[in-house]
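As structure tokens, the structure follows; a few thoughts come after it.
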Amino acid sequence: MNLGIEIGGTKLQLVTSNLTGHIDQRFRYTVDPERGASDILQRIADTIVQLTELPQNIGVGFGGPLDWQTGRIANSHQIAGWAGFELADWLQQQVPGAHVRIENDANVAALAEARRGVATGFRTVFYVTLGSGVGGGLIMDGQLYHGAAPGEAEIGHLWLVPPGVDSPGKSTPGQTLEQTVSGWAVDRQIRDLLPQLPDDSALKKLVLEAQRTNDTPDRLARFLHPAYEKSDPVARMLIEQIGSVLALGLSHVVHLFHPDAIVLGGGLSGIGEPLRAAVRQALPRFVMLSFQPPPVVLLAKLGEDAVPVGALELVMNHSKK
């Protein structure tokens with residue numbers, strides 16, 4: 001049996017599969033950032049003891065930079081307590097003798113979409129995940145591209161506005177892609193706009209209803225698509241703005257690697273076709289003439305299964321040996 005684990009900023013998933021790679025058990029938990037890494041580790045340990053048999057292979061997609069060769073976590077930008085943690089060693093203590101492989105979560109999602117998702121058949125694929133953070137993964141001929149430890153393809157940390165100095169002794173923080181188009185950043189933009197919206201705004205009505213019923217009232221980006229479907233002009237404006245900023249970031253990927261396909265994944269990609277179309281429309285403006293037309297832009301197919309499936313793919317070949 002193989003075990004795939006997703007450790008993210010908002011959720012923890014553990015799935016098991018047989019040698020065919022199909023998921024046969026699933027465990028999903030909401031992550032409380034206030035409880036830190038120790039709570040996540042305890043949930044993983046508690047779940048492993050519930051399994052009908054111990055896994056022979058464990059693949060992990062982790063939400064942050066790490067050393068894929070050793071399984072040592074560099075840090076997490078969302079959850080405290082991960083810096084320097086030897087995750088591979090810890091998992092081998094939980095399951096002695098298991099083969100463990102750990103990668104950044106965007107990397108494993110990229111692997112899943114390239115091998116078993118929307119981008120099968122493309123030689124070079126760049127995947128961008130738009131979730132609590134913004135990450136990336138590059139697949140070449142079905143294999144992950146690796147840079148020097150502790151990571152690569154961190155597209156979310158591209159500077160859109162570089163940090164600098166306004167005047168002597170006064171610095172300016174700048175702004176990254178992640179700070180602009182992550183799920184949390186878009187939530188904040190919607191929250192700031194709400195007081196300015198008229199009462200008949202579809203977006204405002206959806207948000208206020210969620211707040212009234214306490215239906216995860218802080219996750220506001222999920223209302224952009226239904227509001228867009230109701231012809232809400234602010235929702236349309238925000239989607240076009242997100243698409244344009246994301247296209248600017250992706251233009252650097254095109255100029256550096258010129259992939260055959262770009263895949264949009266993560267929670268914010270749930271906006272769907274309006275977001276894909278906004279990125280596709282904006283991307284040519286930022287790409288040099290020699291690289292026109294730019295790569296095809298696709299919506300991820302695997303949804304919440306992308307990281308768990310990719311984690312299983314990490315150890316699939318090892319399980320067949």
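The values are calculated or read from the model by the stated rules, or taken from the named source; none is laboratory data. Everything quoted here is computed from the prediction, not taken from an experiment. Cβ placement follows ideal geometry from the backbone for every residue including glycine, while neighbour counts extend to all protein chains displayed.
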Inset, instruction - Starting from residues that are buried (at least 16 other Cβ atoms within 10 Å of the Cβ) and of a type in the set (G, A, S), keep the ones in region 82-110 and report whichever is nearest to R35 (Cα to Cα). - result: A88
Legend entry - Scan of region 106-124 for residues that are more than 10 Å from the chain's Cα centre (by Cα) and of a type outside the set (V, I, T), ordered by number: L111, A112, E113, A114, R115, R116, G117, A119, G121, F122, R123
Legend entry - Enumeration of residues in region 46-61 that are out of contact with any helix residue (DSSP H, G or I) (no Cβ under 6 Å at 6 or more places or on another chain) and either among the aromatic types (F, W, Y) or surrounded by fewer than 21 Cβ atoms within 10 Å (Cβ to Cβ) (or both): D46, T47, V49, Q50, L51, T52, E53, L54, Q56
Inset, instruction - Please tell me if P295 is touching a residue at least 60 places away in the same chain (Cβ under 8 Å), under 16 Å from S244 (Cα atoms) and not basic (K, R). - result: yes
Inset, instruction - State whether one or more residues within region 94-102 are in a loop (DSSP other than H, G, I, E, B), free of Cβ contacts under 8 Å to residues at least 40 places away in the same chain, in contact with a helix residue (DSSP H, G or I) (Cβ under 9 Å, 6 or more places away or on another chain) and not assigned by TED's automatic domain parsing to the domain that holds P295. - result: no
Inset, instruction - Please name all residue pairs, on different chains or six or more residues apart, with Cβ atoms under 8 Å, provided the first residue is in region 224-236 and is modelled with pLDDT of 95 or more and the second residue is surrounded by fewer than 23 Cβ atoms within 10 Å (Cβ to Cβ) and among the charged types (D, E, K, R). - result: Y228/R236
Legend entry - The one condition in (1) more than 20 Å from Y127 (Cβ to Cβ); (2) within 20 Å of the chain's Cα centre (by Cα); (3) part of a loop (DSSP other than H, G, I, E, B) that H77 fails to fulfil: (1)
Legend entry - Selection count, region 256-290, where residues are surrounded by 14 or more Cβ atoms within 10 Å (Cβ to Cβ), touching a residue at least 12 places away in the same chain (Cβ under 8 Å) and assigned to a helix (DSSP H, G or I): 17
Inset, instruction - Take A109 and decide whether it is in contact with a helix residue (DSSP H, G or I) (Cβ under 7 Å, 6 or more places away or on another chain) and not assigned by TED's automatic domain parsing to the domain that holds R188. - result: yes
